Amino acid sequence: MPDSPAPTRVLVLNSGSSSLKYQLLDMRDHRRLAQGLVERIGERTSTLSHTSLVGTEPAKREREGRIADHEEALNAVSEELSADGLGTDSPELAAVGHRVVHGGKLFSRPTLVDDAVEREIERLIPVAPLHNPANLTGIRTARSLRPDLPQVAVFDTAFHTTMPESASRYAMDIATADEHRIRRYGAHGTSHAYVSREAAKLLGRAEEDVNVIVLHLGNGASAAAVRGGRCVDTSMGLTPLEGLVMGTRSGDIDPAVVFHLVRNAGMSPEDVDVLLNKKSGLLGLCGDNDMREIIRRTGEGDESARLAFEIYIHRLKKYIGAYTAVLGRVDAVVFTAGVGENAAPVREAAIAGLEEMGLALDGDLNAVRADRARLISPEYARVAVAVVPTDEELEIATQTYALVSGVDDTSSATRADN
Ligand code: ADP
């Protein structure tokens, strides 16, 4: 009997508290075979929206009805995949890759999940109370569905574990910080890793030789200073609240604002948590957290939208300047995620006035809408400016596959055209 070919598919799972996002990829050519999203898990009406990508055209199917928990959700996903001949029982499935938000100091690489790894992810719940419990539920569910299959945890914090202590420590009492594991862990690491590597490819240079500033601007937003493929600083801290102005998060703020609100505004710590995480940022400033709306309103002369835009840009510029100083030499500033990839006015405003730092934009290139990695700076600019679409699922799949197959594929992990 000839040996059956080695399995090449990876199922990527991103479990939220009431949602489950998934993608199935074939790692031979990085083609997406299926993707989907289960929402409102545990509520009265849950939805599953599944897209099969194996035919000539994407085929979308929707389901409605109560899905009680993540186990039911994964079973429903499994049924949808089976209907396309891609079931989780298939021998072609090599592994499941799980996005895990917080891996603390310990997990600096993708890690094969066993009981001890599960316990460590659980131990980190106090520093990631919103995310790690859901990620853990996803892992446990997938392990019970296919106990024989390798399950790999890919940590959002892993890329940032290379930060030096000077960047990862807060200047606070060191014993208290250590006792409570208070330090800067960062987030969006999977995206920063992928985008900084793709940026080096775009420049036609080895990752080890380039220094880049990555600006991941989605609803959540963070910057990273990456020297030779290793993160040396990032703007998110103990939690994703620190750093840039975001859709609903304040980003950097004097911590004394919290004491002030507790002492003088009668707010509880929980109230302040909600205020700064969910009701601040662009939303708090002007009532909208979608950059498209803010740009539209600004165009119509809306003052609060203009102010929100200006505060957002001011903070971005501060980080570009700070990370230029941290890196010493910058080869590229790279925009990614929903705002970074799509909002030309944000890129234009963020780079404007930075000519002395070697930065400039080509207006025509900046105006092009495309979903491929591209340079948007003129040839004469000392520092390249680029747009690189992020692809966290591909990065998770690539890291997962590398671990289980022993094939490190990152140098060719560029997204396929689907
Ligand atoms: P996340 O993954 O953090 O939820 P995304 O990276 O998908 O976020 O980014 C979502 C954000 O991208 C939206 O809130 C919106 O502000 C912004 N966005 C998407 N398309 C555009 C566009 N064409 N112009 C400006 N902003 C956009």
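The values are calculated or read from the model by the stated rules, or taken from the named source; none is laboratory data. What you are looking at is a predicted structure, and each value in this text was computed from that prediction instead of being measured. Here the Cβ is made from the backbone with ideal geometry for all residues, glycine too, and neighbour counts use every protein chain on show. The area values use the complete protein model at the heavy-atom level, side chains included, leaving out ligands, DNA and RNA. Shrake-Rupley method; radii C 1.70, N 1.55, O 1.52, S 1.80 Å.
Mind counting the residues in segment 17-43 that are in a loop (DSSP other than H, G, I, E, B), within 16 Å of ALA76 (Cα to Cα) and open to solvent by 20 Å² or more (accessible area, probe 1.4 Å)?
5
Within segment 311-332, how many residues turn out to be open to solvent by 60 Å² or more (accessible area, probe 1.4 Å) and within 16 Å of the ligand (Cβ to nearest atom)?
Matching residues across segment 311-332 total 0.
For segment 199-235, which positions are out of contact with any helix residue (DSSP H, G or I) (no Cβ under 7 Å at 6 or more places or on another chain), farther than 18 Å from ASP156 by Cα and not aliphatic (A, V, I, L, M)?
LYS201, GLY204, ARG205, GLU208, ASP209
If you go through segment 230-253 one residue at a time, how many are out of contact with any strand residue (DSSP E or B) (no Cβ under 9 Å at 6 or more places or on another chain) and free of Cβ contacts under 8 Å to residues at least 40 places away in the same chain?
Total satisfying the criteria: 3.
Just one of (1) in contact (Cβ under 8 Å) with a residue 12 or more places away in the chain; (2) open to solvent by 70 Å² or more (accessible area, probe 1.4 Å); (3) within 15 Å of the ligand (Cβ to nearest atom) trips up LYS279, so point out which.
Here LYS279 clears every test but (3).
Kindly establish whether ALA308 is at pLDDT 95 or above, aliphatic (A, V, I, L, M) and in a helix (DSSP H, G or I).
yes
This table checks each residue for (1) of a type in the set (Asp, Glu); (2) within 16 Å of the ligand (Cβ to nearest atom); (3) open to solvent by 60 Å² or more (accessible area, probe 1.4 Å); (4) within 29 Å of TYR22 (Cα to Cα).
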position: ALA337; (1), (2), (3), (4): no, yes, no, yes
position: ALA343; (1), (2), (3), (4): no, yes, no, yes
position: ALA350; (1), (2), (3), (4): no, yes, no, no
position: LEU354; (1), (2), (3), (4): no, no, no, no
position: ARG369; (1), (2), (3), (4): no, yes, yes, yes
position: LEU375; (1), (2), (3), (4): no, no, yes, no
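Of the residues that make up segment 186-203, is at least one among the small types (Gly, Ala, Ser), open to solvent by 60 Å² or more (accessible area, probe 1.4 Å), more than 28 Å from PHE309 (Cβ to Cβ) and more than 16 Å from the ligand (Cβ to nearest atom)?
no
Inspect segment 162-182 for any residue being open to solvent by less than 10 Å² (accessible area, probe 1.4 Å), within 19 Å of LYS317 (Cα to Cα) and among the aliphatic types (A, V, I, L, M) and give the result as yes or no.
No; the residues of segment 162-182 include none that is open to solvent by less than 10 Å² (accessible area, probe 1.4 Å), within 19 Å of LYS317 (Cα to Cα) and among the aliphatic types (A, V, I, L, M).
Only one of these is surrounded by fewer than 21 Cβ atoms within 10 Å (Cβ to Cβ) and at pLDDT below 95: LEU112, LEU145. Name it.
LEU145
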